[in-house]
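Notes follow the structure.
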Amino acid sequence: MNQSELSRAADLPRTVLAGYEKGRYKPGARELRKLSDALKTTPTELIYGTAQPFAASSPLDQIPGVPPGSSSLVALTILVTMLDHDEQAAIMLLARRLAERRRGQKNIAKFVATGLPHMEAAFAAQAPAIEQVADIAAASVKKGLRKATASAKRR
């Protein structure tokens, strides 16, 4: 859509649109609504370029095969693998007790007996992807530390 077509669709003067593009003017709420309607988008997407501009983003969310929003579960998996065997067992016991409290001891026992072996096999198949996630997470932490250190040195 060119500027003239947008001008007609949004019912805004072409000169005003040119002013927006050049940074001379800023659209108000009414103009944002007209523009977003004409462009078949939302004002938030028009302003920020995304529907959820303030959503937490993690490098883990960018990995193929990791379902959106599951990055905290992936991070937890990575962290648990960094623990000693005894610490891993304690985390598993805690998680099991919490699950039993929420879902019932019989349901959890049934899941452990029937579903867990299949999940363990699937988890083993995902080991290379988990290693990739760990590498990306470590790189992200290093990058964050470098930025924090550089910022502290400038002060």
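The Rg/Rh ratio of the range 3-48, with both radii computed over alpha carbons and Rh defined as the Kirkwood radius, is 0.92. Based on the Cβ-Cβ distance from R8 to A75, what FRET efficiency comes out when R0 is 41 Å, to the nearest 0.05? The pair R8/A75 has a calculated efficiency of 0.25.
Net length available on complete extension from R103 to Q88 is 3.2 nm, with 0.36 nm assigned per residue and the Cα-Cα distance removed. Assuming charge only on the beta carbon of Lys and Arg (+1) and of Asp and Glu (-1), the dipole of the range 3-48 about its Cα centre is about 160 debye to the nearest 20. Per-peptide packing, taken as the mean over residues of other Cβ atoms within 10 Å, places 17-24, 36-43 in the sequence 36-43, 17-24 from highest down.
We did not get these values from a lab; they are worked out from the coordinates using the rules stated. Quick caveat: nothing in here was measured; it's all calculated off a predicted structure. Neighbour counts run over all protein chains shown; Cβ positions are idealised from the backbone, glycine included.
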